[in-house]
Amino acid sequence: MPLNLEDKKSIVAEVSAIAAEAHSAVAAEYHGLTVDEMTELRATARNSGVYLRVVKNTLARRAFEGTDFECMSDGLVGPLVLAFSQEDPGSAARLVKDFAKDHDALVTKMVSIGGEMLAPSELNRLASMPTKDQAISILMSVMKAPTEKLARTLKEVPGKLVRTVEAIKQAK
């Protein structure tokens, strides 16, 4: 059933609003996946904070106008599923990478982050980016390290004095 003009406008507005707020996007060819596999992919996407949508390529081009993902417009060819990372930059890449391990029919075609188009081979690099909680944890450990080192150094001075006095006592 063809879409009427109002349906097309609402789809373009919805995808454009998501693309304006998304951190990264991955376009993957899904030709060959069964309905059950697509349902599984959608459920996994919902649980991981990824907006997943199959959109006609002409509507996707219109939706990408004025967003960071305008660079993807030229590559919109064939049946593609678009995955937008809502929470952290690597979530869509992790979703596609993990799902493609078990399903060979899902093939990454485009990867974009921050208005820059990356090669499909860069999917692993984007997927390995830490989540927000992991990044905060890494930052806090880096910030805490100098303080810990200072405390250990200051603690060592009296400890060394005690060991030296004990060695003198043992010698006498």
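The values are calculated or read from the model by the stated rules, or taken from the named source; none is laboratory data. Predicted, not measured: the structure shown is a model, and the values here were computed from it. Backbone-built Cβ (ideal geometry, glycine too); neighbour counts: all protein chains shown.
Got at least one residue in segment 36-54 being of a type in the set (Ser, Thr, Tyr), modelled with pLDDT of 90 or more, closer than 22 Å to residue 126 by Cβ and in the same structural domain as residue 98 (by TED's automatic domain parsing)? Steps first, answer last, please.
Initially, segment 36-54 is screened for residues of a type in the set (Ser, Thr, Tyr), giving 39, 44, 48, 51.
Add one more test, that the residue is modelled with pLDDT of 90 or more, and what stays is 39, 44, 51.
Checking the rest, the ones that are also closer than 22 Å to residue 126 by Cβ come to 44, 51.
Narrowing further to those that are in the same structural domain as residue 98 (by TED's automatic domain parsing): 44, 51.
Yes: segment 36-54 contains one or more residues that are of a type in the set (Ser, Thr, Tyr), modelled with pLDDT of 90 or more, closer than 22 Å to residue 126 by Cβ and in the same structural domain as residue 98 (by TED's automatic domain parsing).
Residue 63: among the hydrophobic types (A, V, I, L, M, F, W, C), out of contact with any His (no Cβ under 8 Å at 6 or more places or on another chain) and part of a helix (DSSP H, G or I), yes or no?
On the way: among the hydrophobic types (A, V, I, L, M, F, W, C): yes; out of contact with any His (no Cβ under 8 Å at 6 or more places or on another chain): yes; part of a helix (DSSP H, G or I): yes.
Yes; evaluated as a whole, the condition is true for this residue.
Looking only at segment 58-104, which residues are closer than 16 Å to residue 10 by Cα and in contact with a strand residue (DSSP E or B) (Cβ under 7 Å, 6 or more places away or on another chain)?
Filtering segment 58-104 for residues closer than 16 Å to residue 10 by Cα gives 58-65.
The one that is closer than 16 Å to residue 10 by Cα and in contact with a strand residue (DSSP E or B) (Cβ under 7 Å, 6 or more places away or on another chain): 60.
Within segment 125-137, work out how many residues are surrounded by 11 or more Cβ atoms within 10 Å (Cβ to Cβ) and assigned to a helix (DSSP H, G or I). If you could, list the steps in order and put the result at the bottom.
So in segment 125-137, the residues surrounded by 11 or more Cβ atoms within 10 Å (Cβ to Cβ) come out as 125-132, 134-137.
Those left that are additionally assigned to a helix (DSSP H, G or I): 125-127, 132, 134-137.
The qualifying residues number 8.
Residues in segment 7-17: is at least one over 14 Å from the mean Cα position of the chain (by Cα), closer than 18 Å to residue 127 by Cα and in contact (Cβ under 8 Å) with a residue 24 or more places away in the chain? If you could, list the steps in order and put the result at the bottom.
Pass one, segment 7-17, residues over 14 Å from the mean Cα position of the chain (by Cα): 7-17.
Those still in the list that are closer than 18 Å to residue 127 by Cα too: none.
Looking through segment 7-17, none of the residues is over 14 Å from the mean Cα position of the chain (by Cα), closer than 18 Å to residue 127 by Cα and in contact (Cβ under 8 Å) with a residue 24 or more places away in the chain.
Have a look at 128, 112, 137 and point out the one that is within 30 Å of residue 73 (Cα to Cα), within 36 Å of the chain's Cα centre (by Cα) and modelled with pLDDT of 85 or more. Steps first, answer last, please.
Numbers: 128 fails: modelled with pLDDT of 85 or more; 137 fails: within 30 Å of residue 73 (Cα to Cα).
112 is the lone residue from the list that is within 30 Å of residue 73 (Cα to Cα), within 36 Å of the chain's Cα centre (by Cα) and modelled with pLDDT of 85 or more.
Going through 121, 112 one at a time, which residue ends up being touching a Phe, Trp or Tyr at 6+ places or on another chain (Cβ under 8 Å), more than 17 Å from residue 14 (Cβ to Cβ), not charged (D, E, K, R) and not in a loop (DSSP other than H, G, I, E, B)? Can you show your working first?
On the way: 121 fails: touching a Phe, Trp or Tyr at 6+ places or on another chain (Cβ under 8 Å).
That would be 112, the only listed residue that is touching a Phe, Trp or Tyr at 6+ places or on another chain (Cβ under 8 Å), more than 17 Å from residue 14 (Cβ to Cβ), not charged (D, E, K, R) and not in a loop (DSSP other than H, G, I, E, B).
List every residue pair whose Cβ atoms lie under 7 Å apart, where the two residues are 6 or more positions apart in sequence or sit on different chains, the first residue falls within segment 23-50 and is free of Cβ contacts under 8 Å to residues at least 12 places away in the same chain, and the second residue, located anywhere, is among the aliphatic types (A, V, I, L, M) and assigned to a strand (DSSP E or B).
Pairs found: 42/52.
Take the conditions in a helix (DSSP H, G or I) and loosely packed, with under 10 Cβ neighbours inside 10 Å and apply them to residue 141. Does it pass? Before you say what the answer is, go through the steps one by one.
Numbers: in a helix (DSSP H, G or I): yes; loosely packed, with under 10 Cβ neighbours inside 10 Å: no.
Criteria not met by residue 141.
If residue 102 satisfies every condition in (1) surrounded by 16 or more Cβ atoms within 10 Å (Cβ to Cβ); (2) under 19 Å from residue 42 (Cα atoms) but one, which is the exception?
Of (1) surrounded by 16 or more Cβ atoms within 10 Å (Cβ to Cβ); (2) under 19 Å from residue 42 (Cα atoms), only one is false for residue 102: (1).
Restricting attention to segment 21-49, which residues are crowded, with 16+ Cβ neighbours inside 10 Å and β-branched (Val, Ile, Thr)?
First, the residues of segment 21-49 that are crowded, with 16+ Cβ neighbours inside 10 Å: 22-30, 33, 37-38, 41, 45, 48.
Within segment 21-49, 26 is the sole residue that qualifies.
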